[in-house]
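Have a look at the structure below, then the notes.
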Amino acid sequence: MGEFGGLACVTRLIKFTHKYGAPKRFYLLAGKLVPWFAALTALLMVTGLYLGLYWAPPDYQQGDAYRIMFVHVPNAWMSMMAYMAMAIFAASGYIWNVRLADMLAKATAPLGASFTLTALVTGSLWGKPMWGAWWVWDARLTSELILFFLYVGYMALQASIDDPRRAAHASAILAIVGVVNIPIIHYSVYWWHTLHQPASLTLTNQPKIYATMLIPLIVMSMAFMFFYLTMLCVRVRSEILLREQHTDWVRKLIRTRR
Amino acid sequence: MNSKGLFSVRALSCARGDKTLFAGLSFQLNAGEALHVRGPNGLGKTTLLRALCGLSRPTRGDIRWRGERVSDLAEEFTAEVAYVGHLNGIQGELTVLENLQTAARIFVRRKDSAADVETALARVGLTTSADRPARHLSQGQKRRLALARLLVLRRPFWILDEPFTALDAASVEGLSSIIGEHMSTGGLALIVSHQAFELPGIRDFELARFCKARR
Amino acid sequence: MKGGLFHAMRAVFMRELLVFWRRSTEVMTALVFFVIVTTLFPLAVGPERHELMLIAPGVLWVAALLATTLSLNHLFASDYQDGSLEQLLMSPYPLSALVLAKIAAHWVLTGLPLALLSPLLAIQMALPTKAMGTLVGSLLLGTPILSLIGAIPAALTLGVRGGGVLVSLLVLPLYTPVLIFGAEAVAASAGQGFASVAHLSLLGAFLALALSFAPWASSAALRVSLD
């Protein structure tokens with residue numbers, strides 16, 4: 001995010017949040033943003049895949065198999081970022097009682113879980129040609145697995161509580177506890193891994209990153225980021241319609257759409 | 001037990017899930033006064049009472065005790081409120097006497113003093129059951145035990161949700177006189193009850209005034 | 001006021017013990033589970049002492065962890081149902097202090113017996129005698145952490161359908177660091193790795209962290225559940 005310094009920026013952000021914090025306004029704003037985000041996602045994804053699958057040269061050690069990294073790594077990054085975003089949204093909704101923040105958190109969870117799952121599956125697929133095993137207890141994969149459980153737990157808690165407000169606040173506490181624990185879990189898993197597998201079956205020994213690999217990686221990361229933003233807007237819009245169904249503007253919308 | 005305190009509520013609004021139950025609710029309560037909150041089932045009377053004691057977070061509004069916001073006072077306010085809800089809040093495995101004795105230790109600050117437990121039991125007519133495990137009591141007896149706790153805790157502000165449930169006519173009269181005494185010594189009370197009871201000086205408060213059919 | 005707080009906490013603590021003592025059925029659940037799970041492993045893996053010795057630290061720790069998870073449901077559930085939990089929120093004393101007293105009672109009734117019973121089960125798993133001290137030590141440090149951290153999901157899932165299984169799911173990621181270092185401490189002292197003092201100190205650090213964070217988080221969770 002860079003350094004945000006300056007009261008002006010923060011004030012503008014607060015004003016923006018106030019203006020678009022109302023579900024109705026955000027619904028309309030998100031509706032306008034979706035096509036742009038979707039277009040950017042498609043563009044970046046196509047470019048990134050071309051660069052990654054054709055343009056970048058084969059690796060000296062791993063041949064062509066390393067190319068799965070262009071999907072694995074961005075998804076791993078996004079899975080972490082989505083959890084942070086989810087925790088921030090959820091905490092804001094809990095502390096300041098902002099319903100839109102609750103909805104953003106709820107919408108982020110399944111997206112984050114999918115990123116984590118993709119990272120796990122691609123990690124597993126990467127491991128097979130390399131080491132002949134479908135699953136290796138690599139430090140990063142193990143952390144991803146635990147992160148996956150954190151996501152599933154969050155979604156399960158939300159799903160099992162009927163009252164939307166209680167569900168949102170309960171899962172906010174869970175998300176905050178999760179965020180605090182993530183560095184501890186990472187450290188513990190990394191330490192555990194180095195202790196038990198010195199002759200490592202590890203994917204963290206990535207091929208040396210050359211510029212030719214960095215560019216597709218960045219493009220793919222941005223593609224997945226915009227994918228997240230697109231899907232977030234789409235999901236939040238449905239969540240808004242669901243939770244605001246008692247209001248006049250939603251009823252009017254449904255009537256005119258029919 | 002003097003409470004010169006003023007309990008005031010302004011523009012209170014509560015929601016259950018995403019539906020607003022009531023909005024713009026305001027009233028004031030002074031020492032020696034009692035309010036009887038009335039309304040049909042499902043309107044939000046229990047939610048209102050829970051929001052007033054601090055168990056529930058209202059969506060909007062200002063609740064003040066002795067002129068200061070309840071959210072700022074936190075434990076200072078909780079120390080002066082006694083809440084008896086739908087659940088009795090008694091531990092089945094402990095005897096009647098033990099329930100009140102632990103309540104005196106957990107809920108009364110060192111600087112305040114708890115009333116005598118045996119006197120409280122006598123007042124609600126549970127002296128003979130003092131050593132029985134609470135789970136062996138009848139519904140009416142359990143309710144009376146929950147109310148005995150009110151006497152032990154000696155808090156100025158009583159918030160009672162259906163206190164007369166499962167009580168027989170004699171006990172209803174007994175409880176009414178207890179509340180009457182509490183008011184005459186300067187206490188405040190907020191009561192929700194479907195059952196008829198006699199309490200001189202109690203004001204009626206219609207919750208329906210603050211509910212709308214649709215948002 | 002400080003004296004009052006301690007007395008209130010002690011009253012909560014003693015009340016928990018008294019209630020637990022009289023509610024005879026729940027007393028043994030965690031312990032029995034611990035014994036059963038540890039007994040099943042030699043049956044499944046075979047009586048070869050060398051094999052058992054290798055997996056002993058892990059098995060003992062996982063069994064202790066699962067037993068604690070099972071007992072978490074009893075922490076708040078019955079108080080929630082009879083309304084005494086609600087009343088606890090109306091106490092003039094800070095809720096986090098009272099919750100800490102409850103968790104302490106829970107540990108004394110589940111974690112402490114597990115830690116003390118573990119040497120007997122360790123003999124079953126062919127754990128070398130030199131590792132017994134570390135086993136008990138790691139469990140004495142680790143089980144309070146499990147009770148403290150576990151209180152949070154227990155508080156979040158009050159009155160929720162499928163609460164029991166849900167708590168296990170929620171608590172699993174949070175327990176991982178404690179499990180890793182706890183089991184490793186025992187393995188190290190059984191002669192498979194580094195010295196165990198470092199692991200135990202780290203567990204101690206986790207305990208300090210949990211003590212400062214968990215009571216506060218569980219009281220926030222309780223307020224949400226009782227909203």
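If only the Cβ of Lys and Arg carry +1 and only the Cβ of Asp and Glu carry -1, the dipole of the protein assembly as shown around its Cα centre is close to 2220 debye. Rounded to the nearest 500, the 222 nm mean residue ellipticity of the protein assembly as shown from helices alone is -22000 deg cm²/dmol, with -39,500 (n - 2.57) taken per DSSP H run of at least 4 residues. Calculated translational diffusion coefficient of chain B (10 °C, 1.306 mPa s; Stokes-Einstein with Kirkwood radius over alpha-carbon pairs) equals 89 µm²/s. Going through the cross-link list B:19/B:45; A:24/A:252; B:19/B:212; A:24/B:19; A:106/C:102; A:19/B:212, which pairs have a Cα-Cα distance over 20 Å in this structure? Long pairs (Cα-Cα over 20 Å): A:106/C:102; A:19/B:212. Measuring max minus min along each principal axis, the C-alpha atoms of the stretch C:2-225 give extents of 56, 33, 29 Å (largest first).
Pull out a ≥ b ≥ c, the square roots of the eigenvalues of the alpha-carbon gyration tensor of the stretch A:56-98, then state rounded if a/c is under 1.5, prolate if not and a/b is larger than b/c, and oblate in the remaining case. Verdict is prolate for the stretch A:56-98.
Among B:163, C:56, B:95, flag the residue with its Cα farthest along the positive direction of the charge dipole of the protein assembly as shown, charges on Cβ as +1 for Lys/Arg and -1 for Asp/Glu. Comparing the listed Cα positions along the dipole, B:163 ranks first.
The stretch between residue B:116 and residue B:170, if pulled fully straight at 0.36 nm per residue, gains 17.1 nm over its current Cα-Cα span.
A simple charge model with +1 on the Cβ of Lys and Arg, -1 on the Cβ of Asp and Glu and nothing else charged puts the dipole of chain B at about 840 debye relative to its Cα centre. Working from label points 7 Å from Cα in the Cα-to-Cβ sense, the residue A:134 to residue A:121 distance is 1.4 nm. Both the radius of gyration and Dmax for chain A are 20.5, 65 Å, in that order, over alpha-carbon atoms. Put a plus charge on the Cβ of each Lys and Arg, a minus charge on the Cβ of each Asp and Glu, and nothing anywhere else: the dipole of the stretch C:36-181 about its Cα centre is then about 200 debye.
Given the options C:118, C:189, C:201, state which has the largest fluctuation in a GNM of chain C using a 10 Å cut-off (strictly under) for Cα springs. Looking only at C:118, C:189, C:201, the largest GNM fluctuation is found for C:201. Convex hull of alpha carbon positions in the stretch C:1-126: directionally averaged projected area 8.8 nm². For the stretch B:168-215, the set of GluC sites (Glu not before Pro) satisfying both a DSSP loop assignment and a count of at most 10 other C-beta atoms within 10 Å is given as B:198.
Which of B:191, C:153, A:114 sits closest to the plus end of the dipole of the protein assembly as shown, meaning its Cα is farthest towards the positive end, when Lys and Arg get +1 and Asp and Glu get -1 on the C-beta? The residue sitting most towards the positive pole is B:191. Considering only C:186, C:171, C:160, give the residue with the highest GNM mean-square fluctuation for chain C, with springs between Cα atoms whenever their separation is below 10 Å. Per the Cα network of chain C with a 10 Å cutoff, C:160 tops the list. Loop-resident chymotrypsin sites (Phe, Trp or Tyr not before Pro) (DSSP state other than H, G, I, E or B) in the stretch C:103-198 with no more than 11 further Cβ atoms inside 10 Å of their Cβ are absent.
Quick one: if the Förster radius is 30 Å, what FRET efficiency do residue C:17 and residue C:208 give, using the C-beta to C-beta distance and rounding to 0.05? Efficiency for this residue pair is about 0.75.
Checking every one of the chymotrypsin sites (Phe, Trp or Tyr not before Pro) in the stretch A:27-82 against DSSP loop status and a limit of 15 other Cβ atoms within 10 Å picks out A:60.
Going by the alpha-carbon gyration tensor, a ≥ b ≥ c the square roots of its eigenvalues, is the protein assembly as shown rounded (a/c under 1.5) or, if a/c is not under 1.5, prolate (a/b greater than b/c) versus oblate? Verdict is oblate for the protein assembly as shown. Relative to the longest principal Cα axis of chain A, at what angle does helix A:211-243 sit, 0 to 90 degrees, rounded to 10? The two axes meet at around 30 degrees.
Taking B:88, B:99, B:41 as the candidate residues, the one with maximal mean-square fluctuation in a Gaussian network model of chain B, Cα springs under 10 Å, is B:41. Restricting attention to chain B, close to 45% of DSSP beta bridges with both partner residues there are antiparallel.
Each value in this text was obtained by applying a stated rule to the coordinates, not by laboratory testing. Since this is a predicted model, take the numbers as computed values, not measurements. Note that we place each Cβ from the backbone using ideal geometry, even for glycine, and neighbour counts take in every protein chain shown.
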